[in-house]
1. Would you mind finding the one in ALA91, ALA74 that is surrounded by 13 or more Cβ atoms within 10 Å (Cβ to Cβ), within 30 Å of TYR40 (Cβ to Cβ), within 18 Å of the chain's Cα centre (by Cα) and aliphatic (A, V, I, L, M)?
2. Could you tell me how many of the residues in region 114-148 are closer than 21 Å to PRO90 by Cα and either modelled with pLDDT of 75 or more or open to solvent by less than 100 Å² (accessible area, probe 1.4 Å) (or both)?
3. Could you check, for region 120-134, whether at least one of its residues is without any contact (Cβ under 8 Å) to a residue 60 or more places away in the chain, closer than 16 Å to LEU145 by Cβ and among the basic types (Lys, Arg)?
4. Residues to consider are LEU96, LEU71, LEU106; find the one that is farther than 29 Å from ASP123 by Cβ and either outside any loop (DSSP other than H, G, I, E, B) or touching a residue at least 40 places away in the same chain (Cβ under 8 Å) (or both).
5. Determine which member of the set TYR56, TYR40 is within 26 Å of the chain's Cα centre (by Cα), of a type in the set (Phe, Trp, Tyr) and at pLDDT below 90.
6. For the subset of region 30-56 comprising residues that are in contact with a helix residue (DSSP H, G or I) (Cβ under 6 Å, 6 or more places away or on another chain) and part of a helix (DSSP H, G or I), which member is nearest to VAL82 (Cα to Cα)?
Amino acid sequence: MRKHVPFIFLAVSLALTACSGGGEPSASDSPAPTKEEIAYFDCLKGQGVKITHTDYGAPRVDKDDPSAKKLPAAQEACKDKVPPPHSPEPAAPEVLAAARAESECLREQGVTWYPDPDPVTGDISDRAMTPEQVAELKTKHADALKKCRSERNPGRKAVLGG
């Protein structure tokens with residue numbers, strides 16, 4: 001029996017490790033719905049819209065149900081209960097600094113219309129540039145973008161749009 005103890009211990013350890021997950025995000029990692037979200041979806045349900053719930057309990061409109069046709073009227077009736085938007089995840093200070101430096105560098109390179117990054121996330125909003133400017137950035141100013149990204153943020157690849 002003693003010969004089998006290490007094997008049994010190893011088998012149980014492997015089984016427990018497999019069950020613990022590999023660090024991959026799952027539905028259970030998502031935040032629980034807020035009171036405001038629950039109240040809004042309860043209101044929609046009261047207006048006759050079928051509501052389903054995700055694996056982690058978040059309410060969602062069942063868009064495959066015929067009651068989804070009532071959604072526009074239900075949204076209007078429940079507009080005073082619309083929950084506030086979630087706050088964006090703040091970027092690390094070094095990410096913000098690099099994003100600011102990239103914007104400044106691009107303007108120094110002649111892309112005078114290039115916007116400043118969002119002061120919280122460091123992202124450039126899709127709405128901050130026109131489609132024409134995005135196209136121009138990818139063609140006429142591609143070298144400037146590549147230069148500014150490699151100079152100011154060596155870890156960031158010079159991939160347009162991301």
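The values are calculated or read from the model by the stated rules, or taken from the named source; none is laboratory data. Model, not experiment: these values are computed from the prediction. Methodologically, a virtual Cβ is constructed for each residue, glycine included, from the backbone with ideal geometry; neighbour enumeration extends over all protein chains shown. Remember, those area values only see protein heavy atoms, side chains included, never the ligands or the DNA or RNA. Shrake-Rupley method; radii C 1.70, N 1.55, O 1.52, S 1.80 Å.
1. On the way: ALA74 fails: within 18 Å of the chain's Cα centre (by Cα).
Step by step, each of ALA91, ALA74 is checked, and only ALA91 is surrounded by 13 or more Cβ atoms within 10 Å (Cβ to Cβ), within 30 Å of TYR40 (Cβ to Cβ), within 18 Å of the chain's Cα centre (by Cα) and aliphatic (A, V, I, L, M).
2. Step one: of region 114-148, the residues closer than 21 Å to PRO90 by Cα are 115-128.
Now narrow it down to the ones that are either modelled with pLDDT of 75 or more or open to solvent by less than 100 Å² (accessible area, probe 1.4 Å) (or both): 115-125, 127-128.
The total comes to 13.
3. no
4. The conditions single out LEU71.
5. On the way: TYR40 fails: at pLDDT below 90.
Unique residue meeting the criteria: TYR56.
6. Let us first name the residues in region 30-56 that are in contact with a helix residue (DSSP H, G or I) (Cβ under 6 Å, 6 or more places away or on another chain), namely 39-40, 43-44, 47-51, 55-56.
Right, trim to part of a helix (DSSP H, G or I) and you get 39-40, 43-44.
On the way: ALA39: 9, TYR40: 6, CYS43: 10, LEU44: 10 Å.
By that ranking, first place goes to TYR40.
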